[in-house]
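Working notes, beginning with the structure itself.
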Amino acid sequence: MGGKKKEVKEKPLEKMTAKELRETALTIPEITGVHGMNKAELIRGIKKARGIEEKDNKKGSSSVRDIKKKIKALKGKRAVALEQHDDKMAVIYRRRISRLKKKTRRAA
């Protein structure tokens, strides 16, 4: 009768679940490795593909994965310092690792 169809509004990306985001990302050919991404990575990828600019509200915007890579590298350096009986550097590396772990907790 009326012939009018209501416009279907899409949920904001931040409100979508990871499963919904994956389904959306699968329709975009520029995004690869959808099933290996977490929610934050999916949102970032979809926004980039759609040309939506992201606002960085955080001071140090580094992902948890990047921070964990740094922690792993520092743990290796600390192990070397302990083998060489360089206690001063071992303590410095331990403190750096501790600070980075706190950062991961805040970033998550």
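See the values below:
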quantity: Which of GLY36, ALA49, ALA107, positive extreme of dipole for the chain (C-beta unit charges); calculated: ALA107
quantity: The chain, relative contact order in percent, only Cα pairs under 8 angstrom and at least six apart counted; calculated: 19 percent
quantity: Dipole magnitude (debye, nearest 20) for the chain, charges at Cβ of Lys, Arg, Asp, Glu; calculated: 580 debye
quantity: Packing-based ranking, highest mean first, of 37-50, 76-89 given that Cβ atoms within 10 Å are counted; calculated: 37-50, 76-89
quantity: The chain, helix-only ellipticity at 222 nm - DSSP H runs n ≥ 4, -39,500 (n - 2.57), divided by all residues, nearest 500; calculated: -19000 deg cm²/dmol
quantity: Projected area averaged over orientations for the chain, convex hull of C-alpha atoms, nm²; calculated: 10.2 nm²
quantity: For the stretch 64-107, alpha-carbon Rg over 2.2 N^0.38 Å; calculated: 1.17
quantity: 13 Å beta-carbon shell around GLU20, net charge (K/R +1, D/E -1); calculated: +2
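Here, each number is a calculation from the coordinates, and none is a lab measurement. None of these values were measured; they are calculated from a predicted model. All Cβ positions, glycine included, derive from the backbone under ideal geometry; neighbour counts span all protein chains shown.
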